[in-house]
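Some notes on the structure that comes next.
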């Protein structure tokens, strides 16, 4: 039985990590997941969806900063597990995992890029260009926009697009069930957002937009991150702290999207975010920033997009979407264009498994 090792920076809640988890759980043969940072037990205790991995989740406890010795540790792990393939997600895992894989003679090295905005950093761009030439990975981009953003970093002939996808069957929660889970009144008007609370996700723009929306509209932000306290302070300063609710991390946001009348993605940069696809799989129309491949991922019949960093434009789009009560469900759009089956098959072929059922 072949063994494939997937490597991420830190296995904490996020779209990249959720995709890696599902690949490990659903691709054929044996797959292991390595988190460069953290402790496996601690990571699993904070994100219960990791529990099915058991001893297939390994964490190496990397500290901040460059750690050349980590390449040797990964190389030994690859040798001990007899891995025939290594999949790296993002630039840090590519640096350490890619070097370790090639040192151990691993023939199939796949590097997945989930966004390209970080390549605006010239140092990171140069590093990845050098690594790409030295390690010669098969590169996967999660969207066409990400693929285009990799121009000048990796050889375009070696980049394959495998679009993110979602399994719509996971999104069967009713509105009343979802609102009960969040403690929301069934008759309230709710705008929701799901994502890490970091500046790039633009939740500060959403808070400012909330102050421009009618006072009966509630806002629910699901997620954790370093910006939580500043965001809560901003909500108080804008006078919307009583109707902008930061509910923290939830293990299974798939059960929560149905609570929202509209889903908002106010990001400053993205690739093709899973949260955008998941909200629509739950039948919720979206308002999102015009970044990355968001325009392609939003249902053209029900979605709205605005320029990033514009609270007024965001508030106007939210109000228009909330007033559009007769809008069709975007669920069928996701089923047709962003199915999980197509995504899984794409990765299976990239790893040499052929099609999977």
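Coordinate-derived values only; no laboratory data. Predicted model, so just to flag it, every value in this text is computed and none were measured. Heads up, the Cβs are rebuilt from the backbone with ideal geometry, glycines too, and the neighbour counts pull from every protein chain shown.
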Wholly inside the range 1-118, helices (runs of 4 or more DSSP H) that include 3 or more residues that are touching a residue at least 60 places away in the same chain (Cβ under 8 Å) are 15-26, 69-81
How many of the residues in the range 184-197 are in a loop (DSSP other than H, G, I, E, B) and surrounded by 16 or more Cβ atoms within 10 Å (Cβ to Cβ)? 4
Go through the range 224-263 and report how many residues are over 22 Å from residue 48 (Cβ atoms), in a helix (DSSP H, G or I) and touching a residue at least 24 places away in the same chain (Cβ under 8 Å). 4
Subset of the range 138-160, residues in contact with a helix residue (DSSP H, G or I) (Cβ under 6 Å, 6 or more places away or on another chain) and assigned to a loop (DSSP other than H, G, I, E, B), comes to 153
